[in-house]
Amino acid sequence: MPNSDDRTGARPHVVLLPSAGMGHLVPFGRLAVALSSGHGCDVSVATVLPTVSSAESRHLDGLFAAFPAIRRLDFNLAPFDESEFPGADPFFLRFEAMRRSAPLLSPLLAGASASALITDIALSSVVVPVAKERRIPCYILFTASAAMLSFCAYFPTYLDANAGGGEGISDVDIPGVYRIPKSSIPQALHNPKHLFTQQFVANGRGLVDADGVLVNTFDALELEAVAALREGTVATGFPPVFAVGPLRPATFPAEERAKDPAGYMEWLDAQPARSVVYVSFGSRKAISTDQLRELAAGLEASGHRFLWVVKSTVVDKDDAAELVDLLGDGFLERVRGRGLVTKTWVEQEEILMHGSVGLFVSHSGWNSVTEAAFNGVPVLAWPRFGDQRVNAGVVARSGLGAWVERWSWEGEDGVVSGEEVSEKIKAVMAAEAVAKKAAEVRDAAAAATAEGGTSYRSLAEFVGRCQGA
Ligand code: UDP
């Protein structure tokens, strides 16, 4: 693959600063590899140690061991009193600690002779000014969908226009994109005092000050949102948008990966093509025990083979529950052979790549959606939290899969019954049209990321700007 620096011979030094959580770290790692191995950049990743979860720590170790050209820069945080936010999500607390430490980045960037900084949306409103002061171009890697980016960019304008009504948040009609119904808006944003809301609004307002925004999506997947952002329809003066996704999985050598005590890869090898329903709700959110049990009943009644990754806490280090206590007596015995259930970390990329997987029941975290798109695995979206309903909307619109909009998410009353889950799984597994459409999305993703494709060219254009800086 030709390097983007062939024209000038200059190797820009790009510093990446992700926030916390695997949903942020994974795409930053993939971008680091793409810039370093495919586009001729010197790359450093600024890291905060210790990480919030064990998964992040293992992931960073694997990344630096497998790609020694990518350097680690230690970002040491200022002391932060978490008791100011009792009961807050540990990942949001880390965002806040990092935000308050933003001034400490200035000497770090100067010492690294950075040509450009790429940071995370969770940090952007405080990091962009620090980079500007240093005259270092500052870009955002937006790790969710372009639909969510447009929502983030427009939400402050929506609030300004609707402030004072006292009626709370309603549907948000994003100019040039589409209407995001009230029920799809991240739960926390209904509370203006929530720590997440304050960060989200500040970051949304500050987006226009960035030098550009890279998004882990591709033009063909989210045509309206990407075009509206680029044309300035969503927010006037919006900086250049580089749709660079789906960022390709960065494979680590076997010894750097999580071990597989559950033997799920071997188990998958023994299953017929496209016969397995893979079920995972991501790296960082638990589902109530009542809902877990209905989901178990649904999987059992569907009659399909399944591989299910169960999580019972927000942070993996706290997870000590036993599967049998979570799923009820007898379930594991009844499904033995047909269903494999694990609480360990799995290598999801490898699972989605495996030919035996026919459906992904997913919370529709954006990385999971892009990984399904990359592999052409149909998604049954069951969003639970945050941006996931907006992402599920993209799944349904693009034809990558299905979304039952009435299925509840965190904070809403009622559990979805096992019977409903079972019926829906059976219907989507039987739908040839869904599998065909998902394969078309995979082909479009491959075309976008191949040399000369829209995403490849966007990333090369970004690198070109770093060289010119
Ligand atoms: N992931 C994984 N193994 C697991 C759980 C998650 O490899 O057991 C990966 C998954 O492939 C994705 C990331 O962790 O790359 C989770 O990001 P996503 O945006 O899907 O959801 P989040 O966890 O942020 O809600």
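Some notes on this structure:
- Sub-8 Å Cβ pairs linking a first residue in the range 266-284 that is hydroxyl-bearing (Ser, Thr, Tyr) to a second residue that is away from the ligand (no atom under 16 Å from the Cβ) and open to solvent by 20 Å² or more (accessible area, probe 1.4 Å), at least 6 apart or interchain, are 275/304; 275/305, ordered by first then second residue.
- Residue count for the range 206-243, restricted to those that are open to solvent by 10 Å² or more (accessible area, probe 1.4 Å), in a helix (DSSP H, G or I) and touching a residue at least 24 places away in the same chain (Cβ under 8 Å): 5
- The residue of the range 283-303 that is farthest from the ligand (Cβ to nearest atom), among those that are open to solvent by 20 Å² or more (accessible area, probe 1.4 Å) and assigned to a helix (DSSP H, G or I), is 301.
- Qualifying position, being aliphatic (A, V, I, L, M), touching a residue at least 60 places away in the same chain (Cβ under 8 Å) and closer than 24 Å to residue 30 by Cα, among 372, 450: 372
- Residues that are hydrophobic (A, V, I, L, M, F, W, C) and either open to solvent by 10 Å² or more (accessible area, probe 1.4 Å) or touching a helix residue (DSSP H, G or I) at 6+ places or on another chain (Cβ under 7 Å) (or both) within the range 370-394 comprise 372, 373, 374, 377, 379, 380, 381, 385, 390, 394, listed in sequence order.
- Conditions (1) touching a helix residue (DSSP H, G or I) at 6+ places or on another chain (Cβ under 6 Å); (2) at pLDDT 95 or above; (3) of a type in the set (A, V, I, L, M): number failed by residue 351: (1)
- Criterion applied to 19, 83, 57, 36 was being in a helix (DSSP H, G or I), modelled with pLDDT of 95 or more and small (Gly, Ala, Ser), and the one residue passing it is 36.
- Test: residue in the range 304-311 that is over 30 Å from residue 222 (Cα atoms), away from the ligand (no atom under 16 Å from the Cβ) and either in contact with an Asp or Glu (Cβ under 6 Å, 6 or more places away or on another chain) or modelled with pLDDT of 95 or more (or both): yes
- Boolean, residue 37 is in contact (Cβ under 8 Å) with a residue 60 or more places away in the chain and open to solvent by 40 Å² or more (accessible area, probe 1.4 Å): no
- Scanning the range 19-71 for residues that are touching a strand residue (DSSP E or B) at 6+ places or on another chain (Cβ under 7 Å) and within 16 Å of the ligand (Cβ to nearest atom) yields a count of 7.
- Among the conditions (1) over 27 Å from residue 106 (Cβ atoms); (2) more than 15 Å from the ligand (Cβ to nearest atom); (3) surrounded by 18 or more Cβ atoms within 10 Å (Cβ to Cβ), the only one that residue 16 does not satisfy is (1).
- The range 312-333 - residue that is surrounded by 13 or more Cβ atoms within 10 Å (Cβ to Cβ) and within 19 Å of residue 419 (Cβ to Cβ) and, of those, modelled with the highest pLDDT: 331
- Selection within the range 99-121: residues that are under 21 Å from residue 34 (Cβ atoms) and open to solvent by 10 Å² or more (accessible area, probe 1.4 Å). The member of this set that is farthest from the chain's Cα centre (by Cα) is 112.
The values are calculated or read from the model by the stated rules, or taken from the named source; none is laboratory data. From a predicted model like this one, the values you see are computed outputs, not experimental measurements. Note: ideal-geometry Cβ built from the backbone for every residue, glycine included; neighbour counts use all protein chains shown. Just so you know, the surface numbers come from the protein's heavy atoms only, side chains and all, with ligands and any DNA or RNA stripped out. Shrake-Rupley method; radii C 1.70, N 1.55, O 1.52, S 1.80 Å.
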